[in-house]
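K.L.:
First the structure, then my questions, so here it is.
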Amino acid sequence: MRKVKIYITLKEGVLDPQGKAVQNSLHSLEYKNVSEVRVGKYMEVMMEDTNDIEEQVDKMCDQLLANPVIENYTYTIEEVV
Amino acid sequence: MKFAVVVFPGSNCDRDMYFAVKDALGEEADLVWYQEAELSSYDAVLLPGGFSYGDYLRSGAIASTSDVIGQIREAAEAGKPVLGVCNGFQILLEMGLLPGAMLSNKHLKFMCHFETLKVENAETMFTREYEPQEKISIPIAHGDGNYYCDEATYQELKDNRQIAFTYENNPNGSVGDIAGITNKAGNVLGMMPHPERAVEALVGNEDGLRLFQSILTHWRNNHAIKA
């Protein structure tokens, strides 16, 4: 079994109103050195290992988990015993 | 003319869409459950607003993977009018029938009020009953209506006259004040404002009715030619 940890982030240049609101909140908590916040998504997908597991994960990210118009993704695959 | 209103779990403007076609326009309409839909016998496909699958993952993303999507794609390829309003627009974007994507509104607020739209292209099958550059009043009701596309796509939309409607006072941060776009062929329209909520003077105004009348006129003309 494999645990796939997927991180989805907004592409550079895409406005992130949520990140901006969080950034403003951090400023009001006196974290003056915070210059930017971008909010993304984190997912864990448990799946059986196959030879083409990376290909599969790429495909599921492109098809559904991320929207390639506005989002990038990275992932790591861990062995689970 | 026969319209199909495709109902997903979480659609909530399906009845308004049905009413707009059946009572205001005076044509045939059916509410079709997404799992039982047989779209080939309909002349037009309407994707209503709402919150399909609770907007999980991204608005419209889950609905865009359901079985009925293949039939919607077929209807679009056959040149039938396909209209997606609000969540319907988001589904059309997620399934790739229209370019771009939807982000949260610039101020993160859900907004529900009338907006003034400008008819940018009055030559589409959805807008032919409007005057070019006419200003109309149509209600919006959305939290994720901030249309985004990259510069190249925006230029392409402009060059191909795919921008059907723009906002006079951009409420949500959309690129180019975009409120509604068509595909290149012009038979698929996605728009955030709700024309089906503006089809009767008694409940506001009837600026939205001419959109449905445009579809009907187009269909009748096509039919007359074929006959």
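K.L.:
Being open to solvent by less than 60 Å² (accessible area, probe 1.4 Å) and not charged (D, E, K, R) is the filter; apply it to the stretch A:58-72 and report the residue that is nearest to A:LYS11 (Cα to Cα).
P.N.:
A:ILE70
K.L.:
A further question on this structure: When you go through (1) within 14 Å of chain B (Cβ to nearest Cβ); (2) over 20 Å from B:THR65 (Cβ atoms); (3) of a type in the set (Asp, Glu); (4) open to solvent by 50 Å² or more (accessible area, probe 1.4 Å) one by one for A:ASP16, which number turns out not to apply?
P.N.:
(4)
K.L.:
B:TYR56 passes all but one of (1) open to solvent by less than 60 Å² (accessible area, probe 1.4 Å); (2) closer than 20 Å to A:LEU64 by Cα; which number fails?
P.N.:
For B:TYR56, the exception is condition (1).
K.L.:
Could I ask something else about it? Just name the residue that is farthest from the other protein chains (Cβ to nearest Cβ) out of those in the stretch B:147-174 that are of a type in the set (A, V, I, L, M) and farther than 17 Å from A:LYS11 by Cα.
P.N.:
Going through the qualifying residues, I end up with B:ALA164.
K.L.:
Hey, among B:ALA122, B:ALA198, B:ALA224, which residue is touching a residue at least 24 places away in the same chain (Cβ under 8 Å) and under 26 Å from B:TYR42 (Cβ atoms)?
P.N.:
Being touching a residue at least 24 places away in the same chain (Cβ under 8 Å) and under 26 Å from B:TYR42 (Cβ atoms) holds for just one of B:ALA122, B:ALA198, B:ALA224, which is B:ALA198.
K.L.:
How many residues does the stretch B:65-85 contain that are touching a Leu at 6+ places or on another chain (Cβ under 8 Å), in contact (Cβ under 8 Å) with a residue 24 or more places away in the chain and assigned to a helix (DSSP H, G or I)?
P.N.:
Looking only at that region, the number is 7.
K.L.:
Tally time: how many residues in the stretch A:22-80 are part of a loop (DSSP other than H, G, I, E, B) and not hydrophobic (A, V, I, L, M, F, W, C)?
P.N.:
So the count comes out to 15.
The values are calculated or read from the model by the stated rules, or taken from the named source; none is laboratory data. This structure is a prediction, so every number in the text was calculated from the model and none was measured. Neighbour counts are summed over all protein chains in view; Cβ atoms, including those assigned to glycine, are modelled from backbone coordinates with ideal geometry. Surface accessibility is based on the protein's heavy atoms, side chains included, excluding ligands, DNA and RNA. Shrake-Rupley method; radii C 1.70, N 1.55, O 1.52, S 1.80 Å.
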